[in-house]
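Shown next, in structure tokens, is the structure this report addresses.
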Amino acid sequence: MQQFEGQPVSELVAIRRDKLAELRQGGADPFAVTTYGVTHHSAQILQDFENLEDSEVRIAGRLMSKRGMGKVLFCDLSDRDGKIQLFIKQDVVGEADYSVIKKYDIGDIVGAEGTVFKTKTGEVSVRAAKVTLLAKSMLPLPEKFHGLTDTDLRYRQRYLDLIVNPDVKKTFVTRSRIITAIRAFLDARGYLEVDTPMLGTIAGGAAARPFITHHNTLDMDMYLRIATELHLKRLIVGGMEKVYEMGRIFRNEGMSIKHNPEFTTIELYEAFTDYNGMMNLTEQLIASVARDVLGTMKIAYQGEEIDLTPPWRRITMTEAVKLYAGIDFDTLTTDEQALAAVKAAGLSPDAKMSRGELLNFCFEARVEEKLVQPTFILDYPVEVSPLTKKKPDAPELTERFELFITARELANAYSELNDPFDQRERFMRQMLLREKGDEEANMIDEDFLTALEYGMPPCGGLGIGIDRLVMLLTDSYSIRDVLLFPTMKPLDK
RNA sequence: GGGCCAUUAGCUCAGUUGGCAGAGCACUUGACUUUUAAUCAAGGUGUCCCGCGUUCGAAUCGCGGAUGGCUCACCA
């Protein structure tokens, strides 16, 4: 191990430090460069070669490979859009410059000006007249052929992943386009995008454990939001009629290939419609985003063909459990009957579960995994839906649906409960659960109840997990593959 | 939290029965004026994840630990 200013560094690093010192001594400190006027990007030159042949261009990017041929040097320069080959000839750049350029390392940030041409083998390239080092790379990049495969390192050092694994950049470009397409879809339908607090004294709107933080001046604990629901419904009370918020929420729960502690959702609320309206909107939204971004509504996810062409299958939870689990809840009228039937089917429910909780339990245990093609599951039990209107003809159920694709929950929507008395009772029931130790039960939000007392129009609400939608549309295996910087345990602990 | 697997050069990975620590890429030097993972010649890669133990001798065997992956559980 070599030493550098007292620090041990690998031979590869020591060589680069020597090169930097040499450049600085020659008055060419690469880190002193401030600007470089770029005229073209790689993709543009490759696509528009017909028109650009023989014209002058200035390009810049990262040096990804070098193929020296004596007095000629071929390099691949990687920029925002991809790669383009640089052709550097001693005759053209001059002997002095050529010997400097030959010492550039893979990973260096380089600018080049020259003319567009095609090599003997037909590759569109830039014949460099002048090459400038814009920043020195002091660390060796991962291997050029295999790239960086260690998933842990890829997530921890995403910049390296982006440099050496081109498909990664593609996923995040697609993510950005999906989000843009969602906004365009909603904005075109008269929705208003709003921002509501991430920091509050009540974490409501979902069943989840929150992150707790502390405000120093007020000297009080606060929560990071676990949903945007209760604030957005206040805006419906306020008369905004169609609102949405796309943003980060935080849940202090387990991590898995489908769960990250912070993730992005979109919630939208529309006055004077119900969950049927939300179902139509969901179908239209996801199908049109797929069409706009991917150019098709037939996609592949992990080898499975998924057809997003509307209309999608709609089936009630009771029907689905009958169909897939063979338990007919229509014939089970009491909690005891339901418990016995569920146990007889070979499941192990908690003995304290009510009929509605047992229906939901059977659905999660036996049905979810079978819902590969887009499927709306309708009419959830009231016990698991504390913010949802009851079905007028079946008060043990609610006007709620969840959307499943590839056996995963992608969206959750309902006819919003606007009866302040009923809402208070539901909160009270949640409070009892909380007192019994259920840390995920909803907290009572008095101001939200006050808002409902002023009157909220009938209203449909919808939430979509953006990360899961991006996973679906980019064929990503893990949620970590659609988050640039997924939550990671620190290395030094 | 349980089970299984992995950790060796900057990166990707071999490493036999316990017997000198290896390859490719990258790097250095040299040759080469149209290469495509360029080629050819020569050269050095190192806390074998950490600790303890067994042994004449440990990357290899045992025990404990760390980190990660997969999986089950948990988690709308």
- Which one is surrounded by the most Cβ atoms within 10 Å (Cβ to Cβ) among residues in the stretch A:187-202 that are over 21 Å from the mean Cα position of the chain (by Cα) and in a loop (DSSP other than H, G, I, E, B)? A:TYR191
- Query: Being away from RNA strand B (no atom under 16 Å from the Cβ) and touching a Ser or Thr at 6+ places or on another chain (Cβ under 7 Å), is that true of even one residue in the stretch A:186-193?
  - Reply: no
- Query: Among the residues of the stretch A:99-116, which ones are surrounded by fewer than 18 Cβ atoms within 10 Å (Cβ to Cβ) and modelled with pLDDT of 95 or more?
  - Reply: A:THR115
- Item | Criterion violated by A:ASP29 - all others in (1) more than 13 Å from RNA strand B (Cβ to nearest atom); (2) out of contact with any helix residue (DSSP H, G or I) (no Cβ under 7 Å at 6 or more places or on another chain) satisfied | (2)
- Query: Of all residues in the stretch A:40-87, which are part of a strand (DSSP E or B), in contact with a helix residue (DSSP H, G or I) (Cβ under 9 Å, 6 or more places away or on another chain), free of Cβ contacts under 8 Å to residues at least 60 places away in the same chain and more than 10 Å from RNA strand B (Cβ to nearest atom)?
  - Reply: A:GLY61, A:LEU77, A:ASP79, A:ILE84
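Checking the structure you have, find out if any residue of the stretch A:480-488 is β-branched (Val, Ile, Thr) and away from RNA strand B (no atom under 15 Å from the Cβ). It would help to see each step written out before you state the result.
The first filter runs over the stretch A:480-488 and keeps only residues β-branched (Val, Ile, Thr), leaving A:482, A:487.
The next check asks that each one be away from RNA strand B (no atom under 15 Å from the Cβ); those that pass are none.
Checked against the condition, which is being β-branched (Val, Ile, Thr) and away from RNA strand B (no atom under 15 Å from the Cβ), the stretch A:480-488 yields no hits at all.
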- Note on the structure: Note on A:ASP419: of the conditions (1) more than 28 Å from A:ILE306 (Cβ to Cβ); (2) modelled with pLDDT of 95 or more; (3) of a type in the set (D, E, K, R); (4) within 32 Å of the chain's Cα centre (by Cα), unmet is (4)
- Item | Sole exception among (1) farther than 15 Å from A:LEU410 by Cβ; (2) in a helix (DSSP H, G or I); (3) among the hydrophobic types (A, V, I, L, M, F, W, C) for A:LEU281, by number | (1)
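From A:SER137, A:SER125, which residue is assigned to a loop (DSSP other than H, G, I, E, B) and surrounded by 14 or more Cβ atoms within 10 Å (Cβ to Cβ)?
Working: A:SER125 fails: assigned to a loop (DSSP other than H, G, I, E, B).
That would be A:SER137, the only listed residue that is assigned to a loop (DSSP other than H, G, I, E, B) and surrounded by 14 or more Cβ atoms within 10 Å (Cβ to Cβ).
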- Within the stretch A:263-297, considering residues that are β-branched (Val, Ile, Thr) and under 20 Å from A:GLU416 (Cα atoms), the one surrounded by the most Cβ atoms within 10 Å (Cβ to Cβ): A:THR282
- Message: Quick check on the stretch A:379-393. Is at least one of its residues in contact (Cβ under 8 Å) with a residue 40 or more places away in the chain, at positive phi and in contact with an Asp or Glu (Cβ under 9 Å, 6 or more places away or on another chain)?
- Response: yes
- Task: Taking A:THR174 as meeting all but one of (1) on the phi < 0 side of the Ramachandran plot; (2) in contact (Cβ under 8 Å) with a residue 40 or more places away in the chain; (3) crowded, with 19+ Cβ neighbours inside 10 Å, write down the number of the exception.
- Result: (3)
- Note on the structure: The residue from A:LEU462, A:LEU469, A:LEU432, A:LEU449 that alone is under 32 Å from the mean Cα position of the chain (by Cα), among the hydrophobic types (A, V, I, L, M, F, W, C) and either surrounded by fewer than 23 Cβ atoms within 10 Å (Cβ to Cβ) or closer than 22 Å to A:ILE236 by Cβ (or both) is A:LEU462
- Message: Tell me which helices (runs of 4 or more DSSP H) are completely within the stretch A:305-381 and hold 1 or more residues being surrounded by 15 or more Cβ atoms within 10 Å (Cβ to Cβ) and either polar (S, T, N, Q) or modelled with pLDDT of 95 or more (or both), or say none if there are none.
- Response: A:317-325, A:355-362
- Query: Quick one: is A:GLY114 touching a residue at least 40 places away in the same chain (Cβ under 8 Å), more than 31 Å from the chain's Cα centre (by Cα), within 14 Å of RNA strand B (Cβ to nearest atom) and over 30 Å from A:SER476 (Cβ atoms)?
  - Reply: yes
- Message: Go through the stretch A:418-439 and report how many residues are in a loop (DSSP other than H, G, I, E, B), within 12 Å of RNA strand B (Cβ to nearest atom) and either under 21 Å from A:THR196 (Cβ atoms) or of a type in the set (A, V, I, L, M, F, W, C) (or both).
- Response: 0
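Regarding A:ILE109, is this residue away from RNA strand B (no atom under 13 Å from the Cβ) and within 30 Å of the chain's Cα centre (by Cα)? Steps first, please.
On the way: away from RNA strand B (no atom under 13 Å from the Cβ): yes; within 30 Å of the chain's Cα centre (by Cα): yes.
It is true that A:ILE109 is away from RNA strand B (no atom under 13 Å from the Cβ) and within 30 Å of the chain's Cα centre (by Cα).
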- List every residue pair whose Cβ atoms sit under 7 Å apart, with the two residues 6 or more apart in sequence or on different chains, where the first one lies in the stretch A:140-155 and is more than 6 Å from RNA strand B (Cβ to nearest atom) and the second, anywhere, is not β-branched (Val, Ile, Thr). A:LEU141/A:GLY107; A:GLY147/A:ASN165; A:ARG154/A:LEU148; A:ARG154/A:ASP161; A:TYR155/A:ARG480; A:TYR155/A:PRO486; A:TYR155/A:MET488
- Being among the hydroxyl-bearing types (Ser, Thr, Tyr), more than 12 Å from RNA strand B (Cβ to nearest atom) and in contact (Cβ under 8 Å) with a residue 40 or more places away in the chain, is that true of even one residue in the stretch A:127-139? yes
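Restricting to strands (runs of 3 or more DSSP E) lying wholly in the stretch A:203-266: which have 2 or more residues that are more than 21 Å from A:THR450 (Cβ to Cβ) and within 15 Å of RNA strand B (Cβ to nearest atom)?
On the way: elements: A:212-215, A:220-224, A:242-250.
Filter on the stretch A:203-266 gives A:242-250.
Taking into account only those residues within the stretch A:450-479 that are among the hydroxyl-bearing types (Ser, Thr, Tyr) and part of a loop (DSSP other than H, G, I, E, B), which is farthest from RNA strand B (Cβ to nearest atom)?
Initial filter on the stretch A:450-479 (among the hydroxyl-bearing types (Ser, Thr, Tyr)): A:450, A:454, A:474, A:476-478.
Filter again for part of a loop (DSSP other than H, G, I, E, B), leaving A:476-478.
Numbers: A:SER476: 12, A:TYR477: 7, A:SER478: 6 Å.
Result: A:SER476.
The values are calculated or read from the model by the stated rules, or taken from the named source; none is laboratory data. Every value quoted in this text rests on a predicted model; they were computed, and no experiment measured them. Glycine also receives a Cβ, built like all others from the backbone with ideal geometry; neighbour counts cover every protein chain displayed.
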